[in-house]
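Right, one structure below, let's go through it.
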Amino acid sequence: MLDKTLPYIEFEMKRPNRLPLPAFPRELPAGFQLKEYQPGDEASWCAVEYAVGEFDTLAEAAAYFAKTFAPYPEELSRRMVFITDKSGEIVATCTAWWGKKDEPLLHWLAVHPSAQKNGLATFLAVEITRRLATLHPGEDLFLHTQTWSYPAIFLYEKLGYQLLPGTKDFEKGQALLAQLRQAKR
């Protein structure tokens with residue numbers, strides 16, 4: 001879930017592609033399975049992103065999906081992944097996409113609140129980082145995030161992503177993250 005009690009400050013993060021990934025479990029917890037995008041999964045993507053607070057309505061999520069992802073159906077099956085629970089319901093998602101300058105982009109990582117605290121975000125972040133490295137060999141990897149997603153920022157840092165200076169209020173955001181790290185200890 002997003003922590004919207006915090007000031008909203010955007011960040012861009014970069015991971016040099018030459019870095020090896022730290023050792024993380026390559027298996028999902030019992031009852032969860034990885035699934036690649038199939039036509040019809042857009043409603044589940046919208047439901048997960050809405051549930052974590054990324055969109056105010058399902059209609060906004062659907063409009064974003066239609067604009068950003070739907071024009072590239074041939075890319076979705078190899079770039080968008082989901083995790084399903086034991087009932088087969090989609091509970092998490094992440095996408096190996098590209099940014100405005102065609103840079104490889106870890107995009108829209110989300111885990112439904114009912115499935116959080118199971119290591120699913122870590123699994124997806126590692127999976128998508130690996131896919132990006134394969135799809136874009138030799139290129140640095142990027143992602144966009146914000147202070148509201150500070151637990152994800154801490155995860156990304158463990159995977160070798162680094163905050164890039166230059167965004168508005170970067171120093172203020174770094175100071176806030178330092179406070180949050182301290183409070184977590």
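The values are calculated or read from the model by the stated rules, or taken from the named source; none is laboratory data. Treat the numbers as computed from the prediction; the structure is a model and nothing was measured. Glycine also receives a Cβ, built like all others from the backbone with ideal geometry; neighbour counts cover every protein chain displayed. Ligands, DNA and RNA are stripped out before the accessible areas are found, and what is left, the full protein with its side chains, is counted by its heavy atoms. Shrake-Rupley method; radii C 1.70, N 1.55, O 1.52, S 1.80 Å.
Remarks
- Residue match in the stretch 72-91 (condition: touching a residue at least 24 places away in the same chain (Cβ under 8 Å) and under 27 Å from Leu6 (Cα atoms)): yes
- Filtering the stretch 25-72 to residues that are assigned to a loop (DSSP other than H, G, I, E, B), hydroxyl-bearing (Ser, Thr, Tyr), open to solvent by 70 Å² or more (accessible area, probe 1.4 Å) and within 29 Å of Lys158 (Cβ to Cβ) leaves nothing.
- Phe123 among the aromatic types (Phe, Trp, Tyr), within 15 Å of the chain's Cα centre (by Cα), modelled with pLDDT of 95 or more and over 27 Å from Arg78 (Cβ atoms): no
- Scoring Gln179 on the criteria (1) touching a residue at least 40 places away in the same chain (Cβ under 8 Å); (2) more than 11 Å from the chain's Cα centre (by Cα) leaves a single failure, condition (1).
- The requirement of being basic (Lys, Arg) and not in a loop (DSSP other than H, G, I, E, B) is not satisfied by Lys101.
- Test: residue in the stretch 93-112 that is within 14 Å of the chain's Cα centre (by Cα), on the phi > 0 side of the Ramachandran plot, modelled with pLDDT of 95 or more and open to solvent by 20 Å² or more (accessible area, probe 1.4 Å): yes
- Enumeration of residues in the stretch 4-24 that are among the charged types (D, E, K, R), open to solvent by less than 30 Å² (accessible area, probe 1.4 Å) and either free of Cβ contacts under 8 Å to residues at least 40 places away in the same chain or assigned to a loop (DSSP other than H, G, I, E, B) (or both): none
- Of the residues screened, Leu143 is not one that is in contact (Cβ under 8 Å) with a residue 40 or more places away in the chain and open to solvent by 20 Å² or more (accessible area, probe 1.4 Å).
- Residues satisfying the stated conditions in the stretch 44-63, i.e. more than 16 Å from Gln116 (Cα to Cα), free of Cβ contacts under 8 Å to residues at least 12 places away in the same chain and not acidic (Asp, Glu): Phe55, Thr57, Ala59, Ala63
- Flag for Gly173 being at positive phi and touching a residue at least 60 places away in the same chain (Cβ under 8 Å): no
- Those residues of the stretch 9-65 which are under 25 Å from Gln162 (Cα atoms) and modelled with pLDDT of 95 or more, in sequence order: Ile9, Glu10, Phe11, Glu12, Met13, Lys14, Arg15, Glu49, Val52, Gly53, Glu54
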